[in-house]
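Read-outs: derived from the displayed coordinates by stated rules, not from any lab. Keep in mind the model is a prediction, meaning the values are calculated, not measured. Don't worry about glycine lacking a Cβ; one is built from the backbone with ideal geometry, like all the others, and counts go over all protein chains shown.
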Amino acid sequence: MALPAKETFSEWFHELIQAAEILDIRYPVKGLYVWLPFGFKLRQLVYGKLREIMDRDHNEVYFPALIPETELGKESEHIKGFEGEVYWITHGGLDPLDVKLALRPTSETAMYPMFKLWIRTHADLPLRVYQIVNVFRYETKHTRPLIRLREITSFKEAHTAHRNQKEAEEQVEKAIGYYKEFYDFIAIPYFVIHRPDWDKFPGAVYTIAFDTIMPDGRSLQIGTVHNLGENFARTFDIKYEGFDGNHYYVHQTCYGISERCIAALIAIHGDDLGLVLPFDVAPIQIVLIPVLYKDKEKEVLDFCKEVVERIKRFRYVLDLGEERPGAKYYKWELKGVPIRFEIGPKEAENRNIVVSFRDERKKFSVPLEEISEERIRSWGEEMRNRLRNRAVEFIKGKLKFARSLSEIEEYAKSSVVLLYLCKEKSCGEQVENRGGKLLGWLKELPNFLNFEMEGECIVCGGKGTLAVASRSY
Ligand code: A5A
């Protein structure tokens with residue numbers, strides 16, 4: 001069955017994740033889904049990059065999934081932000097529990113009581129840990145596979161503690177750098193945005209978010225970096241002894257990414273035929289399709305073996321199935337395989353291969369001896385660049401610059417709106433009242449935009465910074 005066209009984004013996405021065997025969405029609990037083997041492999045490959053980045057200067061840990069009510073409730077802003085989203089465990093078997101247990105919605109209040117025990121002196125700092133776990137949030141907005149889950153299965157959360165504000169600030173900058181590297185790797189363009197105060201993470205001093213634009217023009221928050229200041233340290237009494245023998249509160253940060261990164265990957269790069277996966281994260285990187293005719297089978301298959309010798313370091317499939325070549329092309333296009341080799345009698349005779357790339361779908365011939373690991377890697381790299389450029393062009397086409405509040409209202413219906421805005425709450429509210437959501441102020445100009453960062457506030461005419469408003473997920 002053919003996919004709906006990508007223009008009908010919501011249906012296309014819904015059908016694609018099933019047809020490409022990413023998820024089985026029939027699990028009988030709302031907001032919970034099953035990862036299928038192909039989807040899980042994609043998840044492992046994408047998260048492998050995240051892990052590689054984290055492992056450079058974080059230690060991986062695992063904290064329990066259950067948090068006592070007494071801990072979860074300690075930091076007042078934090079619990080205010082999450083109380084409507086917590087799943088509670090009230091019984092063990094038939095016995096009511098003395099202290100209710102929360103299924104972690106995020107792990108600050110699981111980790112920080114232990115940080116208090118771990119951190120003694122300045123020598124214990126900085127502390128940088130991360131875990132990749134499931135978290136549960138009783139979301140009341142419309143749930144969607146990979147985008148808005150009640151069980152987030154792939155929550156990468158990092159938590160750090162530092163001696164002072166300056167070191168925590170530096171960690172925020174580093175974390176932004178990690179996430180840029182990650183999203184550049186999967187060719188997803190993003191905005192780095194300072195969230196308004198009223199939209200920051202509960203308990204944070206401030207929040208920096210990564211937002212991308214989905215094919216329907218709505219923004220998706222694909223990661224956040226929070227500076228927690230001393231807020232949690234004061235609540236959980238996390239102190240260290242300084243060089244001078246005095247005791248000081250630590251300064252903390254945390255930052256997280258969920259499987260929304262995979263939603264963005266599928267949504268932004270995919271097309272009417274299915275997934276389009278960057279070479280490095282594709283579960284199958286190369287598919288070889290022999291085109292078999294009677295009497296020539298042996299030549300073709302022998303030549304295929306020679307080709308396989310040259311690509312065996314990659315994740316490849318030699319498709320010897322019974323289907324016709326056309327059906328095989330269709331099947332592997334749906335799965336987003338970046339590179340396809342077609343090999344028929346003519347190719348076997350001339351010792352060359354018909355190559356095509358999933359994103360371009362143009363065919364060209366390459367002599368066997370030119371198929372090397374290096375050549376294939378450079379094809380992968382070129383494809384990543386094409387995917388990134390295409391995604392950037394799409395985003396640029398979705399942007400509109402507004403000069404007045406009425407323009408915001410007009411543009412926000414179908415575009416992502418750029419505007420200049422000051423930091424006054426009343427000015428921000430005026431923008432939010434015009435449709436869309438104020439994502440916040442750009443922390444830095446994306447390299448694909450050519451704009452002044454400062455200008456007159458669209459509401460009061462005061463000193464404004466480039467801001468973004470959009471309909472969002
Ligand atoms: N402890 C910090 C890191 C934290 O929890 N931050 S957060 O609440 O902003 O979540 C981190 C990221 O998880 C978000 O930026 C968003 O991309 C993703 N996320 C949040 N809720 C989600 C949900 N219900 N389904 C899928 N992803 C979600």
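The table below lists the values:
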read-out	value
Long-range Cα-Cα pairs in the stretch 1-88 (distance over 17 Å), rounded percent	71
Least to most buried among 109, 70 (fewest other Cβ within 10 Å first)	70, 109
Mean projected area in nm² (Cα convex hull; one quarter of hull surface) for the stretch 237-313	11.2
Highest to lowest packing among 362-368, 268-274, scored as the average C-beta count within 10 Å	268-274, 362-368
Size of charge dipole - the stretch 92-248 - debye, nearest 20, with Cβ of Lys, Arg +1 and Asp, Glu -1, no other charges	360
Ascending count of other beta-carbon atoms within 10 Å, so fewest first, for 67, 79	79, 67
Positive minus negative residues near residue 224 (Lys, Arg vs Asp, Glu; Cβ under 11 Å)	0
Alpha carbon convex hull of the stretch 1-49, volume per residue in cubic angstrom	98
Under the span-like rule (Cα at least 18 Å along the axis, Kyte-Doolittle mean at least -0.5), DSSP H helices of the chain	37-55, 297-311
Extreme residue, positive dipole direction of the chain, given options 303, 327, 96 (C-beta unit charges)	327
The chain - Rg and Dmax from Cα coordinates, angstrom	25.3, 86
Mean Cβ neighbour count within 10 Å, used as a protection proxy, ranking 386-399, 412-425, 213-226, 450-463 highest first	213-226, 412-425, 386-399, 450-463
The stretch 110-210: trypsin sites (Lys or Arg not before Pro) in DSSP coil with no more than 10 other Cβ atoms inside 10 Å	141
Paramagnetic reach from residue 364 (point 7 Å along Cα→Cβ, amide N under 11 Å) across the stretch 331-354	none
Packing-based exposure ordering (other Cβ within 10 Å, fewest first) of 314, 210	314, 210
Qualifying trypsin sites (Lys or Arg not before Pro) in the stretch 1-69, DSSP loop, other Cβ atoms within 10 Å at most 14	26, 30, 56
Alpha-carbon centroid distance for the pair the stretch 61-89 / the stretch 263-277, whole angstrom	35
Residues of type aspartates and glutamates that residue 413 reaches as a straight line, Cα spacing below 17 Å, ignoring anything fewer than 8 places off in the same chain	7, 216, 432
Candidate aspartates and glutamates for bridging to residue 305, where Cα separation is under 15 Å - those fewer than 8 sequence places away on the same chain excluded	297, 319, 342, 347, 349, 369
Long pairs among 41/312; 6/346; 6/174; 30/362, criterion Cα-Cα beyond 30 Å	6/346; 6/174; 30/362
Summed residue charge, Cβ within 12 Å of residue 90's Cβ, Lys/Arg positive, Asp/Glu negative	-2
Using alpha carbons only: equivalent-ellipsoid semi-axes of the stretch 337-430, gyration tensor based, whole Å	50, 13, 8
Relative compactness, the stretch 159-206, computed as alpha-carbon Rg over 2.2 N^0.38 Å	1.33
Given charges at beta-carbon only (K, R positive; D, E negative), |dipole| of the chain in Debye	640
Efficiency of FRET between residue 70 and residue 134 - r from beta-carbon atoms, R0 22 angstrom, step 0.05	0.45
Whole-number percent relative contact order across the chain, with pairs defined as alpha carbons under 8 Å at least 6 apart	13
Restricting the stretch 1-86 to chymotrypsin sites (Phe, Trp or Tyr not before Pro) in coil, as DSSP defines it, with at most 14 other Cβ within 10 Å	62
Column: log10 I(q)/I(0), Debye, Cα scatterers of the stretch 96-227, q = 0.10, 0.22 Å⁻¹	-0.40, -1.63
